[in-house]
Amino acid sequence: MHATDLIGLSATEAARALAAGSVSSAELFETYRARAQADRDAGEQGLNCFTWVADQQPPDAAPGALGGVPLAVKDLFCTEGVPSQAASRILEGYRPPYSATVVTRLREAGAPLLGKTNQDEFAMGSSNENSAFGAVRNPWDRERVPGGSSGGSAAAVAAGLAPWALGTDTGGSIRQPAALCGIVGLKPTYGAVSRYGMIAFASSLDQAGPLTRNVSDAALMLSHMIGRDPCDATSLQFPGAVSMPSAERLDGVRVGVPAELTGDGIEDGVRTAFEAALELARELGAQISEVSLPHAPHALSAYYVIAPAECSSNLARFDGVRYGARAQDPRDLLDMYTRTRHDGFGAEVKRRVMLGTYALSSGYYDAYYGRAQRVRTRIAQDFAEAFGKVDLILTPTSPTVAFPLGERTGDPLSMYLSDFCTIPMSLAGIPAISIPCGLSGGLPVGLQLAGPAFSESRMLESAHALERAIGFDGGGARV
Amino acid sequence: MARLARLALAEEEIEPMARELSAVLDHVAKIAELDLDGVPPTSHVVEVTGALRPDVPRPSLPREVALAQAPASGQDGFLVPSPQA
């Protein structure tokens with residue numbers, strides 16, 4: 001098959017072609033490998049999606065159901081013997097002695113490692129500008145951000161440099177870059193996927209998920225990711241299997257639209273595309289009603305206490321002792337710690353470590369962390385109440401389309417507001433998916449669907465019906 | 001606070017850090033307005049209790065593999081500078 005035709009296949013189609021023998025896993029891998037390597041070689045002239053690219057197809061690349069569909073993996077997943085530094089200088093040169101459970105599961109299912117993707121350092125950011133490897137560019141407009149923190153994964157899939165990619169989502173880090181790059185991004189229910197081997201940011205929120213060209217690919221990847229892992233005590237047995245979606249209608253599906261996440265702060269072009277998607281949902285048979293998430297406007301505040309608090313604790317392990325970089329000629333132990341961390345962490349990571357340390361310090365704990373955890377309870381209760389009346393909640397994924405590089409780096413709060421619509425679901429631990437629902441000024445707009453815990457299969461069915469009706473063409477981003 | 005976080009900050013980093021952190025803290029302070037009396041805290045969204053496994057010895061990472069990524073190692077351990085100069 002010609003390389004252009006190979007790139008045109010979705011991951012599901014590629015897996016089918018591999019099974020039928022019309023494509024060989026070697027030619028598929030080499031086609032993508034060459035494209036990924038070319039982007040890496042192009043440096044500043046490319047999109048800067050990859051931090052490492054395989055130099056050949058791994059020998060065990062084509063077992064299992066997938067038969068050898070190459071997988072791009074966010075840098076923060078540990079991959080045995082392959083650089084894994086979460087885009088941080090402090091882990092320079094780190095080659096883990098083990099692989100993350102989810103990477104192993106996907107490899108055993110027949111998705112070999114194509115490369116590691118660029119990201120915001122330790123997944124802290126919404127623009128992929130906080131990276132030791134430099135910013136990633138958006139394939140729809142190179143002067144704009146791809147979103148973050150899984151920006152390299154999203155841009156690589158949108159540009160056709162990888163058939164699909166693995167990302168992580170703490171407050172929107174899969175869904176927001178998927179929206180800004182015009183692809184599909186799914187954050188599973190907290191606990192559905194093992195976190196073992198994911199370099200931790202905020203452990204009560206972090207969750208791995210797929211970034212794909214379409215909804216079927218997301219379902220296919222997720223079906224090979226889920227399940228309890230003895231190495232992650234918070235992982236759970238997924239009830240049932242993830243089914244491959246086929247719905248074309250939404251008859252009988254009750255859809256809720258929360259005023260709190262669809263009003264102020266959503267830019268006009270995004271609102272127009274969102275309202276058109278709602279109209280399509282109605283035409284497909286969905287019953288649309290307003291729901292209330294009264295505490296959702298406080299989610300951002302609660303998140304920016306909880307996530308930095310957990311980050312300051314998790315990142316204490318980066319001290320220059322066991323792995324990564326160490327400051328030269330330390331005076332004593334304390335000097336080694338403080339200078340290693342000064343030199344190794346970027347500005348945003350330092351901000352969050354400081355914020356979290358403050359929020360957890362004695363005298364402030366109750367006012368910040370304690371209160372934020374109570375707000376979290378309220379937010380989860382709001383969703384539980386809403387899901388008593390509706391099956392799905394629809395919102396825009398991001399309040400804006402992709403913004404220009406550099407626009408928000410000087411103002412952390414404006415950057416944080418990018419995740420206004422995605423953070424509430426993260427705090428509640430529920431699954432949510434972003435699918436492209438149109439263009440605004442030539443840039444993709446994302447539609448977010450959220451459902452109750454472990455409702456992934458139902459959510460994917462609805463996303464499939466909507467995707468089909470929307471008919472978004474992602475070809476504009478292909479390089 | 002930086003000392004507590006084991007983070008050295010250069011003189012010129014202190015003022016912007018203080019300014020940016022104050023802006024974020026002012027924003028998050030909005031949760032002080034909520035009435036949260038009697039609301040229990042959520043530390044984890046999923047109920048996981050008694051996630052125990054049988055206490056059976058099993059192989060772990062070999063020592064030389066665990067030490068291989070360290071900036072300095074020796075005498076079967078990680079080498080660090082003295083706590084007191």
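A:Glu108 to A:Arg254: extension gain in nm, 0.36 nm per residue of separation minus the Cα-Cα distance? Intermediate results must be reported in sequence, preceding the final value.
Details: separation 146, 0.36 × 146 = 52.56 nm, distance 3.79 nm.
Answer, rounded to one decimal: 48.8 nm.
Quantify how strongly other chains surround peptide B:32-43 by giving the mean number of their Cβ atoms within 10 Å of each of its Cβ atoms.
The mean count of partner-chain Cβ atoms within 10 Å per residue comes to 6.
Taking a ≥ b ≥ c as the square roots of the eigenvalues of the Cα gyration tensor of region A:297-373, is the shape rounded (a/c under 1.5), prolate (a/b larger than b/c) or oblate?
On the way: a/c = 3.16, a/b = 2.30, b/c = 1.37.
Taking the square roots of the gyration eigenvalues as a ≥ b ≥ c, region A:297-373 is prolate.
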Checklist entry - Taking neighbour counts of Cβ atoms within 10 Å as a proxy for exposure, in what order, fewest first, do A:Glu310, B:Glu15 appear? => result B:Glu15, A:Glu310
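Helix-only mean residue ellipticity at 222 nm, chain B, DSSP H runs n ≥ 4 weighted -39,500 (n - 2.57), per residue, nearest 500. What is it? If you can, show how the numbers build up before the last one.
Numbers: 2 runs with 23 residues, N = 85.
-8500 deg cm²/dmol, from helical runs alone.
Given the peptides A:291-297, A:89-95, A:377-383, A:415-421, arrange them by the average over their residues of other C-beta atoms within 10 Å, most packed first.
Working: A:291-297: 19.4, A:89-95: 17.9, A:377-383: 21.4, A:415-421: 24.6.
By packing density, highest mean first, the sequence is A:415-421, A:377-383, A:291-297, A:89-95.
Helix-only estimate, please: 222 nm mean residue ellipticity of chain A, summing -39500 (n - 2.57) across DSSP H runs of length 4 or more and dividing by its residues, to the nearest 500.
Working: 15 runs with 165 residues, N = 479.
Calculated mean residue ellipticity at 222 nm is -10500 deg cm²/dmol.
In debye, nearest 20, what is the charge dipole magnitude of region B:21-85 about its Cα centre with +1 on Lys and Arg Cβ and -1 on Asp and Glu Cβ, if you could check? Intermediate values should be presented prior to the final figure.
Details: 4 positive and 8 negative charges, 87 e Å.
Approximately 420 debye in magnitude.
Just tell me how shielded A:371-380 is by partners: mean number of partner chain Cβ atoms within 10 Å of each residue's Cβ, no decimals. Write down the numbers at each step before the final one.
Values: counts 8, 5, 7, 9, 8, 6, 7, 6, 2, 2.
Partner Cβ neighbours, averaged per residue: 6.
Report, for chain A, the % of DSSP beta bridges that are antiparallel, rounded to 5. Let's see the in-between values first.
Details: 31 of 44 bridges.
Close to 70 percent.
Please rank A:Thr400, A:Thr117, A:Thr422, fewest neighbouring Cβ atoms within 10 Å first, as an exposure proxy.
On the way: A:Thr400 19, A:Thr117 36, A:Thr422 32.
Arranged by neighbour count, lowest to highest, A:Thr400, A:Thr117, A:Thr422 become A:Thr400, A:Thr422, A:Thr117.
Divide, for chain A, the radius of gyration over alpha carbons by 2.2 N^0.38 Å, where N is the residue count. Please report the intermediate quantities before stating the final value.
Values: Rg = 20.9 Å, N = 479, 2.2 N^0.38 = 23.0 Å.
Compared with the compact-globule rule of thumb, chain A sits at 0.91.
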Checklist entry - If you keep only loop residues by DSSP, which GluC sites (Glu not before Pro) in region A:217-271 have at most 14 other Cβ atoms within 10 Å of their Cβ? => result A:Glu248
Checklist entry - Under 18 Å from the 7 Å Cα→Cβ point of A:Arg95, by amide nitrogen: which residues of region B:54-85? => result B:62-73
Checklist entry - Considering only Cα-Cα distances, which of the following residue pairs are longer than 31 Å: A:Lys116/B:Lys30; A:Lys187/A:Lys389; A:Lys74/A:Lys389; A:Lys74/B:Lys30? => result A:Lys116/B:Lys30; A:Lys74/A:Lys389; A:Lys74/B:Lys30
Checklist entry - Roughly how many Å is it from the Cα centre of region A:40-117 to that of region A:381-456, as a whole number? => result 27
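Label region A:113-192 by shape, choosing from rounded, prolate and oblate, from the square roots a ≥ b ≥ c of the eigenvalues of the Cα gyration tensor; if a/c is under 1.5 it is rounded, and otherwise prolate applies when a/b is larger than b/c, oblate when it is not. Can you show the working numbers first?
On the way: a/c = 1.43, a/b = 1.22, b/c = 1.17.
In terms of gyration-tensor shape, rounded.
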Item to check | Sorted by Cβ neighbour density within 10 Å, fewest at the top, the residues A:Met1, A:Met336 | outcome: A:Met1, A:Met336
Checklist entry - Over all directions, what mean area does the Cα convex hull of region A:2-76 project, stated in square nanometres? => result 5.5
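Order of A:179-188, A:323-332, A:219-228, A:365-374 by packing, highest average Cβ count within 10 Å first? Intermediate results must be reported in sequence, preceding the final value.
Numbers: A:179-188: 32.4, A:323-332: 17.1, A:219-228: 22.3, A:365-374: 19.1.
Final packing ranking: A:179-188, A:219-228, A:365-374, A:323-332.
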Checklist outcome for this item: region A:326-357 scanned against label point 7 Å out from B:Ala72 along Cα→C-beta; backbone N under 12 Å for A:326-337
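Which whole-number percent is the relative contact order of chain A (Cα, under 8 Å, 6+ apart)? Show your work: numbers first, answer last.
Details: 1196 pairs, mean separation 85.0, N = 479.
Computed over chain A, the figure is 18 percent.
Values quoted throughout were computed directly from the atomic coordinates according to the rules given, and no laboratory measurement underlies them. Bear in mind that the values here come from a model prediction, so they are computed numbers and not experimental data. Virtual Cβ from ideal backbone geometry, glycine too; neighbours counted across all protein chains shown.
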